[in-house]
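Colleague: My questions will all concern the structure given below.
The values are calculated or read from the model by the stated rules, or taken from the named source; none is laboratory data. These numbers were taken from a predicted model, which means no experiment stands behind them. For neighbour counting, all protein chains shown are included, and Cβ atoms are generated from backbone atoms with ideal geometry for every residue, glycine included.
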Amino acid sequence: MNVSTQFQSPLADQIERFLSHHRALGKRYDSEESALRLLDRFVFEQGDIVTIEQIRPALLERFLLSRPRTSNRSYNHLQGVLQRLFRWLVVQQVLVESPLRVHPRGLRQQRLPFLFERTEVARLLEIAARLPDAPHAHQRGTTYRMIFALMYGLGLRVSEVARLCYRDLNRQTHCLHIRQTKFAKSRLVPFGPRMTQAIERYLGGRLIDVPAPDNPLFSLARDHRQPIGSKSISRTFHSLLGQLELEIPPGVSPPRLHCLRHSFAVSTLVRWYRSGIDPAQHLMHLSTFLGHVNPSSTAVYLTITTELLELASDRFQSYAAPVLPEMER
């Protein structure tokens with residue numbers, strides 16, 4: 001994050017060390033830095049605080065209350081950043097104890113994310129392919145169809161798709177190079193024969209002879225130099241939802257673009273269960289494929305569905321069958 005303003009409060013050096021520590025672990029920590037800049041400025045503007053030890057619970061409470069938070073979730077994010085910072089200072093023996101006494105606010109019960117069935121995704125791709133061109137949007141149908149196919153078929157984030165350039169596509173090794181994405185990580189994402197065919201069809205329909213390596217893979221401009229923004233992709237996705245006539249089960253959130261990635265993760269787990277693959281032994285593979293720092297981040301996507309519960313139960317019964325008769329004696 002390139003910000004010219006330096007930290008100015010007595011926390012300045014420790015905030016820099018805290019951010020460097022987490023970024024060394026492969027995290028971006030951009031939103032955390034923004035939150036800590038707010039804290040740093042607030043402490044600095046007090047005028048009479050010259051040491052970290054002078055930062056008391058009442059000051060941190062005033063800081064949190066001074067920020068206009070639109071939701072409990074955003075308030076808890078700010079509180080959580082402060083909590084991590086001061087816990088770290090305690091571990092580093094800079095402070096004896098954390099001065100933060102404010103607790104997170106209660107959240108309403110979270111609704112489950114919407115999971116797309118394969119037939120629903122096929123319908124989405126069909127509808128997307130029929131999108132008409134506009135004066136400043138060339139080949140909309142084929143472009144958005146390919147974007148949504150990649151997001152569901154490979155579990156890509158919308159920001160990752162939007163940033164893809166021709167140099168990121170290796171047609172010989174059948175891999176996408178996802179560069180410097182979330183958590184400041186790059187990764188290779190392989191794709192199979194069906195995705196290869198879809199990509200080749202997409203490229204074959206582009207009216208461009210030899211694209212420059214840095215040209216965006218997805219562009220609606222006639223010169224193919226202007227990438228499609230993530231927000232434009234999201235708006236187009238939501239404009240198509242009405243035509244899908246999806247049934248949203250009770251307790252499930254309305255579909256979002258990110259649900260395509262979520263659906264990929266869950267369908268992968270289901271496929272492993274059906275194939276007799278132990279998901280616990282391969283969760284790290286899925287985590288790496290999705291570009292997560294560790295499997296705990298991947299676990300967020302693995303929504304428990306009825307099908308997953310049944311498959312997990314069947315797997316347990318198969319595993320436990322030899323010892324069940326002895327246990328029943």
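Colleague: Could you check the stretch 204-219 and list, in sequence order, the residues that are at pLDDT 90 or above and either of a type outside the set (D, E, K, R) or not in a loop (DSSP other than H, G, I, E, B) (or both)?
Modeller: 213, 215, 216, 217, 218, 219 - these are the residues of the stretch 204-219 that are at pLDDT 90 or above and either of a type outside the set (D, E, K, R) or not in a loop (DSSP other than H, G, I, E, B) (or both).
Colleague: Taking the conditions exactly as written (at pLDDT below 85, not assigned by TED's automatic domain parsing to the domain that holds residue 124 and not in a helix (DSSP H, G or I)), does residue 302 satisfy them or not?
Modeller: Criteria met by residue 302.
Colleague: Residue pairs, Cβ under 9 Å, 6 or more apart or interchain, first in the stretch 112-128 and among the polar types (S, T, N, Q), second buried (at least 19 other Cβ atoms within 10 Å of the Cβ). List them.
Modeller: That search, which allows pairs on different chains as well, returns nothing.
Colleague: Quick one: would you say residue 73 is loosely packed, with under 14 Cβ neighbours inside 10 Å and over 30 Å from the mean Cα position of the chain (by Cα)? Show your work before the answer.
Modeller: Numbers: loosely packed, with under 14 Cβ neighbours inside 10 Å: yes; over 30 Å from the mean Cα position of the chain (by Cα): no.
Taking the combined requirement at face value, the residue does not satisfy it.
Colleague: Would you mention how many residues in the stretch 15-65 are closer than 21 Å to residue 91 by Cβ and aromatic (Phe, Trp, Tyr)?
Modeller: Total meeting the criteria: 2.
Colleague: Which pairs do you get when a residue that is free of Cβ contacts under 8 Å to residues at least 60 places away in the same chain, found in the stretch 249-272, comes within reach of a residue that is outside any helix (DSSP H, G or I), reach meaning Cβ atoms under 7 angstrom, with the pair 6+ apart or on two chains?
Modeller: So the pair list comes out as 269/302.
Colleague: Name the one entry in 116, 63, 86 that is closer than 21 Å to residue 27 by Cβ, touching a Leu at 6+ places or on another chain (Cβ under 9 Å) and among the aromatic types (Phe, Trp, Tyr).
Modeller: Criteria check complete, one pass: 86.
Colleague: Another question, if that's okay. Just checking, does the stretch 269-284 include any residue being β-branched (Val, Ile, Thr), within 18 Å of the chain's Cα centre (by Cα) and modelled with pLDDT under 95?
Modeller: No; the residues of the stretch 269-284 include none that is β-branched (Val, Ile, Thr), within 18 Å of the chain's Cα centre (by Cα) and modelled with pLDDT under 95.
Colleague: Hey, another quick one. Does the stretch 236-253 contain at least one residue that is of a type in the set (Ser, Thr, Tyr) and closer than 21 Å to residue 177 by Cα?
Modeller: No - not one qualifying residue is present in the stretch 236-253.
Colleague: Among the numbered criteria (1) closer than 21 Å to residue 263 by Cβ; (2) in a loop (DSSP other than H, G, I, E, B); (3) among the small types (Gly, Ala, Ser), which one does residue 149 miss?
Modeller: Result: residue 149 fails condition (2) only.
Residue by residue, here is whether (1) in contact (Cβ under 8 Å) with a residue 12 or more places away in the chain; (2) in contact with a helix residue (DSSP H, G or I) (Cβ under 6 Å, 6 or more places away or on another chain) holds:
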position: 8; (1), (2): yes, yes
position: 20; (1), (2): no, no
position: 26; (1), (2): yes, yes
position: 46; (1), (2): yes, no
position: 60; (1), (2): yes, no
position: 65; (1), (2): no, no
position: 75; (1), (2): yes, no
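Colleague: Continuing with this model, one more query. Do we have residue 28 as of a type outside the set (A, V, I, L, M), modelled with pLDDT of 95 or more, surrounded by 15 or more Cβ atoms within 10 Å (Cβ to Cβ) and assigned by TED's automatic domain parsing to the domain that holds residue 60 here?
Modeller: no
Colleague: Hey, can you tell me all the residues within the stretch 155-203 that are farther than 25 Å from residue 238 by Cβ, assigned to a loop (DSSP other than H, G, I, E, B) and hydroxyl-bearing (Ser, Thr, Tyr)?
Modeller: Listed by number, the residues that qualify are 173, 186.
Colleague: Which one of 222, 187 is farther than 27 Å from residue 113 by Cβ, among the basic types (Lys, Arg) and surrounded by 11 or more Cβ atoms within 10 Å (Cβ to Cβ)?
Modeller: Answer to the selection: 222.
Colleague: Looking at 79, 139, which is the one that is closer than 30 Å to residue 51 by Cα and either surrounded by 12 or more Cβ atoms within 10 Å (Cβ to Cβ) or modelled with pLDDT of 95 or more (or both)?
Modeller: Numbers: 139 fails: closer than 30 Å to residue 51 by Cα.
The match here is 79.
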